[in-house]
1. Be a star and scan the stretch 65-82 for residues whose amide nitrogen sits under 13 Å from the point 7 Å along the Cα-to-Cβ vector of Tyr53.
2. Amide H neighbours of Gly61 under 5 Å, at least 5 residues apart or on other chains, H built in the peptide plane: list them.
3. Calculate, in nm to one decimal, what Tyr85 and Gln66 gain on full extension: separation in residues at 0.36 nm each, minus their alpha carbon distance.
Amino acid sequence: MLRTFALVAVAAALLAGVRRAKIVALATLVATSLCASAQPSSAAVIYPWCAFYGRLGENCGFTTYQQCCATISGIGGYCGANPWYRGSPSPNGSPPQIRR
């Protein structure tokens, strides 16, 4: 009788281990699928003008050159075209022009 109980206990433990392994495998598969289908964020907005403050850094959040100039007028620095700005695609296929 004791041997039967021990065998049942071992069988139950093995089944629990198999269930646990299946759950871990399924969770791994789901996590891998989610990571593989992740898309990079497209929320970043890149504006055409930057204010450069020397060692203090830069601010590339200006839509017009005048807006940039107004910002640096009291604190110093200079304005320039944003080197990462690509513009929105124009309907005729030509690259957009940056106006100063």
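1. 71-78
2. Ala51
3. Result for the pair: 5.1 nm of gain on full extension.
Computed from the coordinates by the stated procedures, all read-outs in this text should not be read as laboratory data. Quick caveat, the model's predicted, so the values are computed rather than measured. Note: ideal-geometry Cβ built from the backbone for every residue, glycine included; neighbour counts use all protein chains shown.
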